[in-house]
Amino acid sequence: MRFLLLLLPLLLAACAAPSPPKPKAGAARPPMRQPVAPQPQKPRWQAVPAKADGVAVPGGRRHIVKSGETGIAIARAYGVNWSRIAAANSFDREAVLQVGQAIFIPMAPAQQASTGQSPRPAPKPGKPGTPEQQAAAFSLDIDDVITGSAPAESGARQRPAAPAGVVPPAPVQLANVPPLAWPTDGRVILSRFGPKSNGRVNDGISIKTLRGAPVRSAADGEVLYVGDAIASYGLMMLVRHPGGTITAYGHLEDALADRGAKVQRGQPIARAGSSGSAHEPQLLFQVRQGRRALDPLLYLPK
């Protein structure tokens, strides 16, 4: 009886409490908020196509660097591999072209006399050999993109062009590779590092994944390059890490970070795709130090 007397005030208070208002018939319910996926960012800066308008000099041409040009854009215009141009001018890996700088362009192989005699005269500006000769003479690799993709800067002291045949200084010893994280979720479908039976060389691994899957930076660093200059790799990103280690991410669908962006280990920087020579969604992943490609499986968690 005493228990019922104590419970009665509580029951009366509950009955007196106002009930929440019922929604009116036909009233629209507020829409549910859907998670917003990060939007892909197209590279804000694009290289200016260079023109082969350099004046003829002994053994090649002298090109004046213009605003927005890159080393690989100049190399493509003249049909001369960027590695040859960099060696001829004694450029190191950290060199950045300057607007107004004069650089020496060695004569392209297609312009050399096949008889072994003295080279033929340099072609007229804008026509470095036939298109077929230029295409056969010009190719890019990741090292070219690393050293020749930065846009020319203005206002800095210009370097004089070095004569042809100058040997660049030996690369400095780099620090150890930082701890790496897996760049995406999936299954490794190409893991054999090094030379293959068909004469080609595998410089990384390929990870089969879903189209649009997040691609994450393997370590803290800075985005060095976003572009598709190497056709077989499709859209590719390069990230430079402390100590000079560089990781490469190829066959991307789109990029979520632009050149110069600071990124952290595990941060999404792109979405996986099948651009370039890939026939299914996958990620090409490489680890490089200097001019050496390293086996990624030796540095990724087991």
Original post:
Inside region 153-192, can you point out the residues that are assigned to a loop (DSSP other than H, G, I, E, B), modelled with pLDDT of 85 or more and not aromatic (Phe, Trp, Tyr)?
Top reply: 177, 178, 179, 180, 181, 183, 184, 185, 186
**OP:** With the condition kept exactly as written, say whether any residue in region 135-146 is modelled with pLDDT under 90, crowded, with 19+ Cβ neighbours inside 10 Å and in contact with a Ser or Thr (Cβ under 8 Å, 6 or more places away or on another chain).
**Re:** yes
Subject >> Tally, over region 79-90, of residues that are more than 14 Å from residue 145 (Cβ to Cβ), modelled with pLDDT under 90 and assigned to a loop (DSSP other than H, G, I, E, B) >> reply: 3
**OP:** Please state which of the following conditions residue 110 fails to meet, knowing it meets all the rest: (1) assigned to a helix (DSSP H, G or I); (2) in contact with a Gly (Cβ under 9 Å, 6 or more places away or on another chain); (3) at pLDDT 85 or above.
**Re:** (3)
Original post:
Just checking, how many residues over region 209-266 are part of a loop (DSSP other than H, G, I, E, B), within 16 Å of residue 294 (Cβ to Cβ) and of a type in the set (Lys, Arg)?
Top reply: 0
Original post:
Among the numbered criteria (1) touching a residue at least 12 places away in the same chain (Cβ under 8 Å); (2) out of contact with any Gly (no Cβ under 8 Å at 6 or more places or on another chain); (3) of a type outside the set (Phe, Trp, Tyr), which single criterion is violated by residue 272?
Top reply: (2)
Original post:
Is there a residue being exposed (fewer than 15 other Cβ atoms within 10 Å of the Cβ), of a type in the set (A, V, I, L, M, F, W, C), more than 16 Å from the chain's Cα centre (by Cα) and in a strand (DSSP E or B) anywhere in region 277-298?
Top reply: no
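The values are calculated or read from the model by the stated rules, or taken from the named source; none is laboratory data. Everything numeric here is computed off the predicted structure, so don't read it as measured data. Glycine also receives a Cβ, built like all others from the backbone with ideal geometry; neighbour counts cover every protein chain displayed.
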